[in-house]
Amino acid sequence: QVQLVESGGGLVQAGGSLRLSCAASGSIFSIDAMGWYRQAPGKQRELVAAITSGGSTNYADSVKGRFTISRDNGKNTQYPQMNSLKPEDTAVYYCNAHIRYYSGSGNYAHWGQGTQVTVSS
């Protein structure tokens, strides 16, 4: 069993910052890409940021220059730092990880339960 546990969401004023975290636990051999998605009411889930096991990152255009994603491979944890938040960043944020259960296995996508981020104007 693998679990992804998120923390750090909440209410913040526009221009403020939040730091989320997502810790993976359970039967894990290694983790390939990790990332964060968000879903606002009435909208589709979209990729916010992603990071490979080697540290390469990818960001949605809407968050470039404001969000930074990092990871601690020893702790199987990823951390998106979100700065200069805007009301349009309001959404439920979901962490995602592609996990290998043992050496030579394929990687399987897992999702966290979601954490609400609300940015007030």
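The values are calculated or read from the model by the stated rules, or taken from the named source; none is laboratory data. Fair warning: this is a prediction, and the values are worked out from it, not measured in the lab. Positions of Cβ are generated from backbone atoms using ideal geometry, with glycine treated the same way; all protein chains shown enter the neighbour counts. Side chains included, ligands, DNA and RNA excluded: accessible areas come from the protein's heavy atoms. Shrake-Rupley method; radii C 1.70, N 1.55, O 1.52, S 1.80 Å.
Points to keep in mind about this one:
- Qualifying residue in region 95-105 (condition: of a type in the set (A, V, I, L, M) and under 12 Å from the mean Cα position of the chain (by Cα)): yes
- Strands (runs of 3 or more DSSP E) contained entirely in region 1-90, each with at least 2 residues that are closer than 21 Å to Val117 by Cα and open to solvent by less than 60 Å² (accessible area, probe 1.4 Å): 2-7, 10-13, 21-26, 30-39, 46-51, 67-72, 77-82
- Long-range neighbours under 6 Å by Cβ, at least six apart or interchain, first residue closer than 24 Å to Ile99 by Cβ within region 31-48, second open to solvent by 80 Å² or more (accessible area, probe 1.4 Å) and not in a strand (DSSP E or B): Tyr37/Arg45; Gln39/Arg45
- Per-region count, region 101-121, residues at pLDDT 95 or above, touching an Asp or Glu at 6+ places or on another chain (Cβ under 9 Å) and more than 24 Å from Ser62 (Cβ to Cβ): 0
- Matching residues in region 93-106 - criterion: being open to solvent by 10 Å² or more (accessible area, probe 1.4 Å) and either without any contact (Cβ under 8 Å) to a residue 24 or more places away in the chain or over 17 Å from Ala23 (Cα atoms) (or both): Tyr102, Ser103, Gly104, Gly106
- For Ala60, the criteria (1) in contact with a Leu (Cβ under 8 Å, 6 or more places away or on another chain); (2) under 17 Å from Gly9 (Cα atoms) hold in every case but one, which is (2).
- Among the residues examined, Ala109 does not qualify as in contact (Cβ under 8 Å) with a residue 24 or more places away in the chain and within 22 Å of Gln44 (Cα to Cα).
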